[in-house]
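Here is the structure we will look at, set down as structure tokens.
The values are calculated or read from the model by the stated rules, or taken from the named source; none is laboratory data. Just so we're clear, the structure is a prediction, and the values are computed from it rather than from any experiment. With ideal geometry, Cβ positions are generated from the backbone for all residues, glycine too; neighbour counts draw on all protein chains shown.
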Amino acid sequence: MRNLSKVGFGGGCHWCTEAVFMSLRGVTKVEQGFISPKENTEDFSEAVIVYFNPDIIALKDLVAIHLDTHRSTQNHSMRNKYRSGVYFFEKREESVLAEIMKELQKDFDIPIITSIILFGAFTSSQEQFQNYYFSDTEKPFCKTHISPKIKLLKEKYIQHVAIK
């Protein structure tokens, strides 16, 4: 078995993003918080760091799931807080992600706005917000915003879903 890999994802509320990736087989840990790009470490936006076993789930599948579970083709007024990005940690990962994004663009009718960004810094969310969805799936925010994403996972990516 290979070592774990990691990748960062941002694009929507980190409560939503955390729940999506916590639901997947092969994901061993999800850190919820705020990520900034290397070129501007003061420019944080909501995001998660996903630790995964590439022998169980491929990076391409993780990126596809990310693109499908947030507004990856739309800018909106909250985009500074919810930067649409895939964060890489090692320079060699940039070209791999670029190829994945190019291939996945074929699944979308309009251009993906999600950027490939060199990771700069991470700040964890407060503990009370960690594991937000799975601590109480009946909260109004969870039912309205996160549960539909989990439903999409179960419909489109069932082979990767670890929850029932």
Exercise for review: Can you run down the residue pairs with Cβ atoms below 8 Å, 6 or more apart or on separate chains, where the first is in segment 99-112 and closer than 13 Å to Ala64 by Cβ and the partner is among the polar types (S, T, N, Q)?
Suggested key: Met101/Thr114; Phe108/Ser72; Phe108/Thr73; Ile112/Ser72; Ile112/Thr73; Ile112/Gln105
Study note, to complete from the structure: Residues of segment 1-27 being charged (D, E, K, R) and surrounded by 21 or more Cβ atoms within 10 Å (Cβ to Cβ), in sequence order, are Glu18
Point to revise | Qualifying position, being of a type in the set (Ser, Thr, Tyr), surrounded by 14 or more Cβ atoms within 10 Å (Cβ to Cβ), under 27 Å from Lys38 (Cβ atoms) and at pLDDT 95 or above, among Tyr87, Tyr82 | key: Tyr87
Point to revise | Residues of segment 22-33 that turn out to be farther than 18 Å from Thr123 by Cβ, in contact with a Phe, Trp or Tyr (Cβ under 9 Å, 6 or more places away or on another chain) and not polar (S, T, N, Q), as a count | key: 4
**Study point:** Residues (more than 20 Å from Thr114 (Cβ to Cβ) and in contact (Cβ under 8 Å) with a residue 12 or more places away in the chain) located in segment 24-50
**Key:** Arg25, Gly26, Thr28, Lys29, Thr41
Practice item. Out of the residues in segment 1-24 that are under 17 Å from Arg83 (Cα atoms) and outside any helix (DSSP H, G or I), state the one that is modelled with the lowest pLDDT. Key: Gly12
Check your understanding: Is one or more of the residues making up segment 140-155 within 25 Å of Pro37 (Cβ to Cβ), surrounded by fewer than 16 Cβ atoms within 10 Å (Cβ to Cβ) and among the aromatic types (Phe, Trp, Tyr)?
Key -> no
**Study point:** segment 112-128 - residue that is touching a helix residue (DSSP H, G or I) at 6+ places or on another chain (Cβ under 7 Å) and of a type outside the set (A, V, I, L, M) and, of those, surrounded by the most Cβ atoms within 10 Å (Cβ to Cβ)
**Key:** Thr114
Study note, to complete from the structure: Being within 22 Å of Ser135 (Cβ to Cβ) and of a type in the set (A, V, I, L, M, F, W, C) narrows Val20, Val63, Val86 down to just Val20
Check your understanding: Can you pull out the residues in segment 28-50 that are at pLDDT 95 or above, of a type outside the set (Lys, Arg) and surrounded by fewer than 16 Cβ atoms within 10 Å (Cβ to Cβ)?
Key -> Thr28
